[in-house]
Every structure is written in structure tokens, then in C-alpha cells.
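Encoded as C-alpha cells, the structure appears first; notes follow it.
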Amino acid sequence: MTSPGENETTTTTDRPTGSKAKGRIRARIEAEAARLTELSHDIWEHPELAFEEQHAAEACAKVLGNAGFSVTLGVGDLPTAFVATYGSGSLTVGICSELDALPGIGHACGHNMIAAAGVGAGIGLTEVADELDLTVRVVGTPAEEGGGGKIILLERGVFDGVHFSMMVHPSPTERADFTTLATTSFEYHFSGHPAHASTAPHKGVNAADAITVAQVAIGLLRQHLPPGDQVHGIVVDGGDATNIVPHRAVAKFQLRSPSIEQLRDLVPRIHACFQAGAMATGATLDIRPTRIPYTEFDPDTTLTSLYQRNAETLGRTFAPPETGGGGSTDMANLSLLMPTIHPMLGLEAGDAVNHQVEFANLCRTPEADRATVEGAIAMAWTTADAALDPPTRERLLSGETTYGGRNAYPWTMTDTG
């Protein structure tokens, strides 16, 4: 395939034309393809859980530093977060590289690909940053799988001055945007009283029974929940031995809704189910929020269209737009405050889906490596388009968004706790 700008003569303007800039971006990223693949594989082979991504952060920082970026590790008082900056232009793009893996199944959401694609997009943009009056900021974001790293960094000023943000994410289907659900989660701690389960069960208070009551109540409640609401959880502590009445029990539950407003309505209904368990058994209940609430995603339509056009130029084929929400991401919170996109990189996954071992294995294949490089190119090209198109550039610099913007933080723990 001929790269844009290969047969184009140099212009006399200070700023390159779109095709000329894209040709240089693509050539640089393709020249770095082996390094990006090595980075993706290295992160895949060293899976690290939320806030523990030391190896991944240092590996990304090393590649970016060698490419001329100014890199700071430990930003926002998060040891595994980093910011890598190149250029000093008036328009700043924030490219997110997620770092964390899932417990037990490694990089089953492909964050190794996300991290490498973000690094690659940033490196590609170094070829044109000065001419496009652009500042490139690659942000290493820990703890997407539950810890809300991007939200913490947002609240601590790491995204201050960023005019628009983006990332790509592997998936069984290629999509220009990612429809998500707002989500939060809680631990429900029940305390009872131990007793011999055979000779004196009447002297015990069964904390595990309280969870059983709560689960039955949730099962009955599901029929009456609004469309889109979801509840799923696990029991992580149900007692010590079969012959001891469980005096403690702990359940972790995640709640999802189409919007943060609907999520706020769901939370007290689920809390009531656990309170019913406490009331029925005589156990005491302690509810502990464990996830900074993630909002629904509000993608920037202009940037989404630019990305899809660029990815199609690279030969990627998109599925029809999806209806309804599915997963959740802390990238959604950024989308409420700045123009943001989150395209999905399709892999030939068969019956496999994200958060399966089979999908983790797909994220270290030649197909995944190619998708990583093409995702990097498409993001960098989209950034160049936004920088070169006067109306889009002006809108981004002004802080206006296609959806009006929401200049507040609707996701504090107390909102849904």
C-alpha cells in the first residue's frame, strides 16, 4: 500500500499538508514496529495487577525516553503512572497507555497492546509535532481494571492542559467507539457469632446466611430493574470450617447502569438486599465502596469519524455500530470533560471474548502485533487531522465539545456509597 504523501512534492507552507504529515507519521511508526512488538510482548509476559505495574511503566518509559520524550514516572502520587511529553505546541493531545492485567488470567483485555499502541502513536507524532504546533503527551495509566487510575490522575491534575484524549482497545470486533455502562462496586462485610454447627448452632449468628439472603433478594429484584442495569458478584469469604457457624462473610459486587444517574438509583436498592440479609440473620453489615465510580462514555463524534476513516485507509473493517452498553472503563470519565475517543481494534477471536484466557492468548500473536501498529498509526493520523483542520483545532483549543461538556466530577465515592 502506498503511504500518503509518497509521491507528493514538498509544500512551501510552514505546516505540512495532511497527506505529507501522515506519510512521515506512518514511516516512523512502521520503522518502530519491531520495538513496539517487543514492548507489547514484554508487558504480556509480565502481567501486573492494578497499581503494581512497575515493569510495564518502566518499559514504556524507556522506549519513550529513547525516542526523545521527557518522561516523569510516579505522577499523581501513583508510582506506576507516568507522563511522557514531546513538543511545546499550543494544542495538546493526551494518548493513554493502559498497563494493568487481570488476576489469574493475565492480559485478557489486551492492555499490553493498548500500552504499545499509545507509545507508538506518540512516537509517530514526534515527526510532525513542531510543524503542527502540537504537544504530545503519552500518559501511562494504571489500574483500569477496577482502580480508576485515570480518574485519580484527572483529579490530581495530570490531564490539566490536555485538549483531547484517545486510546485504542482490542476486542472481538472492530468498532469506532465503545458504548459503556457506568459502574461502581462494593464489599459487603457481615459479622456474626461463631458456634458449633452441630451441638449449638442456635448460639451462633450465621454471617454466610446473610449473604445467601442478599443473593436471593438480588435474584428477585432483577425482574424489576430498569433495562441496562446489571449486578454481578462473588463471595470471597464464607467462613473457616464446616463445623463452625460462620461468624464472618464477605461478598464483592459490581453494579452497572447506562448512566451515572441511573447507577445512583441502583445502588441503594442493592444495599437494601444486603441489609435484608443482616436483618434476617441478626448479623451486622459494613458496606465498603471499592471502586471509584466510572461514568458512561460520551465519545467525540468528529474525532470518532476521523479515526474510522483513517483506520479504513489502513484496511481495517468496522462492524456496525453497537446498541446498548457492555463493558466499563475509567476512560469514560475523561470523555465527560474533554473530547475523547476509545476505538476498538478487532481481532479474529472466534468464540473468545475479553476477560478469557483464550483472548489473552490472542493478544500476543502476529495479528495482535499488526493491530497494535495500525492502531498507533490511526491514532496519530487522527491527531494530525484534528491539528490541521481549522474548525476542529479551534474547537479543541476552545474547550468546547460536541456534547456540551460537563465541568464537574460526578463520580466521587460518596455519590454512590
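The values are calculated or read from the model by the stated rules, or taken from the named source; none is laboratory data. Quick caveat: nothing in here was measured; it's all calculated off a predicted structure. Cβ placement follows ideal geometry from the backbone for every residue including glycine, while neighbour counts extend to all protein chains displayed.
If you check Thr135, Thr141, Thr80, which single one turns out to be touching a Phe, Trp or Tyr at 6+ places or on another chain (Cβ under 8 Å) and under 26 Å from Thr180 (Cα atoms)? Talk me through it step by step, then tell me what you get.
Details: Thr135 fails: under 26 Å from Thr180 (Cα atoms); Thr141 fails: touching a Phe, Trp or Tyr at 6+ places or on another chain (Cβ under 8 Å).
Going through Thr135, Thr141, Thr80 in turn, the sole match is Thr80.
Are any residues in the range 367-400 in a loop (DSSP other than H, G, I, E, B), without any contact (Cβ under 8 Å) to a residue 12 or more places away in the chain and among the small types (Gly, Ala, Ser), and if so, which ones?
Hits for the range 367-400: nothing passes.
Residue pairs, Cβ under 8 Å, 6 or more apart or interchain, first in the range 345-366 and on the phi > 0 side of the Ramachandran plot, second assigned to a helix (DSSP H, G or I). List them.
Gly350/Glu358
Being surrounded by fewer than 22 Cβ atoms within 10 Å (Cβ to Cβ) and within 19 Å of Ser19 (Cβ to Cβ) is the filter here, so list the residues in the range 300-315 that pass it.
Ser305, Gln308, Arg309, Glu312, Thr313, Leu314, Gly315
Here are some conditions: (1) in a loop (DSSP other than H, G, I, E, B); (2) within 16 Å of the chain's Cα centre (by Cα). Pro170 meets all but one. Which one does it not meet?
(1)
Which one is modelled with the lowest pLDDT among residues in the range 8-35 that are charged (D, E, K, R) and in a loop (DSSP other than H, G, I, E, B)?
The residue in question is Glu8.
Among the strands (runs of 3 or more DSSP E) confined wholly to the range 63-135, which include 2 or more residues that are within 18 Å of Met379 (Cβ to Cβ)?
In the range 63-135, 82-86, 91-98 are the strands (runs of 3 or more DSSP E) which contain 2 or more residues that are within 18 Å of Met379 (Cβ to Cβ).
For the structure I just gave you, tell me whether Asp229 is buried (at least 20 other Cβ atoms within 10 Å of the Cβ) and under 30 Å from Ala249 (Cβ atoms).
The answer is yes for Asp229.
Can you name the residue in the range 225-278 that is touching a helix residue (DSSP H, G or I) at 6+ places or on another chain (Cβ under 8 Å) and of a type in the set (Lys, Arg) and, of all such residues, is farthest from Pro289 (Cα to Cα)?
Only one residue tops the list, namely Arg248.
Are there any pairs, at least 6 apart or on different chains, whose C-beta atoms fall under 8 Å, with the first in the range 241-253 and assigned by TED's automatic domain parsing to the domain that holds Ala195 and the second of a type in the set (S, T, N, Q) and in a loop (DSSP other than H, G, I, E, B), and if so, which?
Every condition considered, the pairs that remain are Asn243/Ser198; Val245/Asn206; Pro246/Asn206; Lys252/Thr290.
Looking only at the range 269-311, which residues are hydroxyl-bearing (Ser, Thr, Tyr) and part of a loop (DSSP other than H, G, I, E, B)?
Thr290, Thr295
Just to be sure I understand, how many residues within the range 319-337 are surrounded by fewer than 24 Cβ atoms within 10 Å (Cβ to Cβ) and at pLDDT 95 or above?
Of the residues in that region, 0 qualify.
So which residues in the range 183-217 are part of a strand (DSSP E or B) and β-branched (Val, Ile, Thr), if there are any at all?
Once the filter is applied, which keeps residues that are part of a strand (DSSP E or B) and β-branched (Val, Ile, Thr), the range 183-217 yields Thr183, Thr184, Val205.
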